[in-house]
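Working notes, structure below.
Just so it is clear, none of the values below were taken in a lab; they were calculated from the coordinates. These figures come from a predicted structure and were not determined experimentally. Backbone-built Cβ (ideal geometry, glycine too); neighbour counts: all protein chains shown.
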Amino acid sequence: MRIRLHGTPAETVAALSAIAQVLHIRHVSRPYPDRRSPMFQRIYLDATPRKDARQ
């Protein structure tokens, strides 16, 4: 699946950490600056469910 994270750099790092606990992160894009507010960024993830998290 493809996931977009949008927030401050600290928020996107925290969200990526939390998501990595339940999904296998296959690829993380570079940060893209928000078009309207430079304090926010977008990061795109390619992820799949972890085998140990499936039930």
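Check every one of the strands (runs of 3 or more DSSP E) wholly within the chain and list those with 2 or more residues that are free of Cβ contacts under 8 Å to residues at least 24 places away in the same chain.
23-28
Can you tell me which residue in the stretch 1-46 is nearest to the chain's Cα centre (by Cα), limited to those that are of a type in the set (D, E, K, R) and loosely packed, with under 14 Cβ neighbours inside 10 Å?
Among residues in the stretch 1-46 that are of a type in the set (D, E, K, R) and loosely packed, with under 14 Cβ neighbours inside 10 Å, the one nearest to the chain's Cα centre (by Cα) is Arg4.
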